[in-house]
Amino acid sequence: MCKTTTKILKNKTFEEERSLYRVNNYIIDSCLFEGKVDGESPLKEVNYVDVINSNFSLRYAIWNANYVNVNHTIFTDKCRAPFWYNYDFNITNSQILGIKAFRECNKVNVKDCTFNSPETFWKCKNVTISNVKMNSEYPFFECENLVISNLNMTAKYSFQYCKNIVIKNSYLNTKDAFWHSKHITIIDSTIEGEYLAWYSKDIKFINCKIIGTQPFCKVKKLKINNSTMTNCDLSFELSTVKASINGFIDSIKSPKKAKITCDSIKDIIIDKTLVNPKKTKIIYRNK
């Protein structure tokens, strides 16, 4: 509910540009934002607005807004760039199907939603995500202060140039994830995709399944605890790492400094012109 409610709009259709520009203290219930008119920015510069059971097919749906709650609402693929420059934005039980959802937003809570949105969550901060299914081309770019749980994501190039992220109980199928990112903790999750976390710093994996070729190149302060690595060849190149792996590793390549505990390693490749072999310590269990 709104902080103070002064007006309710129900079962109405809006198609014109800036149809509800600068409204405050509204409940918008079962409304339709679409039409033949080339409308856009229906909810711009609004405050204390609740949107429920509605449908948006106009681009730039909610911009420069503060204290907005959205529930049981659909933003179709015609709703381009639906949420930009918002503060204190909460969305639950909704579908977001338009490209470029969430740009430069602060204090966002997303729960029980479905996304099919390329380039979503760019330059956002203080974001909480739970029980979300996401399909995206380039999600979570230059974001900070994210808390994520139960995210099922298929993507490319995710979490690049990010900082201060905690991810729990999630499945991430994504290539080139966490490049140039720092202060990342991933717990009880599966991360599948090639070239994981290159150039990252202070990244931790706890009770995780890591799948894919050539993970962890030029990483500073990588920690892996009680996790598995599957099809992970050429791991840890020029990285500093402390890892406790359950099972075997396909291969490691020239760690800069490492302490690795595992059952076995199929292949160890060390280029003595790049690294000092004495700085890599491998401990085999049961040996």
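Assorted remarks:
- Distance (nanometres) between label positions extended 7 Å along Cα→Cβ at Tyr85 and Leu274: 4.5 nm
- Phi angles across the range 199-204 convert, under the Karplus curve 6.51 cos²θ - 1.76 cosθ + 1.60 with θ = phi - 60°, into 3J(HN,Hα) values of 6, 8, 9, 6, 10, 10 Hz, Gly and Pro given as x.
- Put simply, the amide H of Ile187, placed in the peptide plane, has neighbours under 5 Å in Ile167, Lys168, Asn169, Ile206, leaving out anything fewer than 5 places away on its chain.
- Protein accessible area in the chain, 1.4 Å probe - carbon and sulfur %: 45 percent
- Amide H to amide H, with H built 1.01 Å from N, Ile245 comes under 5 Å of Thr261, Cys262, counting only residues 5 or more places away or on other chains.
- For the chain, the Cβ-based charge dipole about the Cα centre amounts to some 1500 debye (Lys, Arg positive; Asp, Glu negative; other atoms uncharged).
- Going by accessible surface with a 1.4 Å probe and the largest first, Phe14, Phe75 read Phe14, Phe75.
- Spin-label model, Tyr21/Thr185: points 7 Å from Cα along the beta carbon direction are separated by 4.7 nm.
- Over 28 Å between alpha carbons, listed pairs Lys78/Lys182; Lys175/Lys266; Lys221/Lys272; Lys78/Lys209; Lys156/Lys278; Lys100/Lys163: Lys78/Lys182; Lys78/Lys209; Lys156/Lys278
- Looking at the chain, the accessible area is 46 square angstrom per residue; that uses a 1.4 Å probe and ignores ligands, DNA and RNA.
- With a 1.4 Å probe rolled over the protein heavy atoms of all chains, the accessible area of His72, His180 falls in the order His72, His180, largest first.
- Qualifying aspartates and glutamates (Cα of each under 18 Å from Cα of Lys279; at least 8 residues distant if same chain): Glu237, Asp267, Asp271
- When only Cα pairs below 8 angstrom with a gap of at least 6 residues are kept, the range 30-98 shows a relative contact order of 29 percent.
- Summarising the label geometry, the points placed 7 Å from Cα in the beta-carbon direction at Val166 and Asn64 lie 3.5 nm from one another.
- The accessible-area ordering, largest first, of the residues Lys44, Lys266 stands as Lys266, Lys44, per a 1.4 angstrom probe.
- Once all protein chains are placed together, Thr213 keeps about 40 Å² accessible to a 1.4 angstrom probe.
- For Glu144, the accessible surface of its heavy atoms amounts to roughly 60 Å² (probe 1.4 Å, protein chains only, rounded to the nearest 10).
- The local environment of Trp84, defined by Cβ-Cβ distances under 15 Å, has a net charge of +3 under the rule Lys, Arg +1 and Asp, Glu -1.
The values are calculated or read from the model by the stated rules, or taken from the named source; none is laboratory data. Nothing here was measured: the structure is a model prediction, and the numbers come from that model. We place every Cβ from the backbone using ideal geometry, glycine too, and count neighbours over all the protein chains shown. Ligands, DNA and RNA are excluded from the accessible area calculation, which covers all protein heavy atoms including side chains. Shrake-Rupley method; radii C 1.70, N 1.55, O 1.52, S 1.80 Å.
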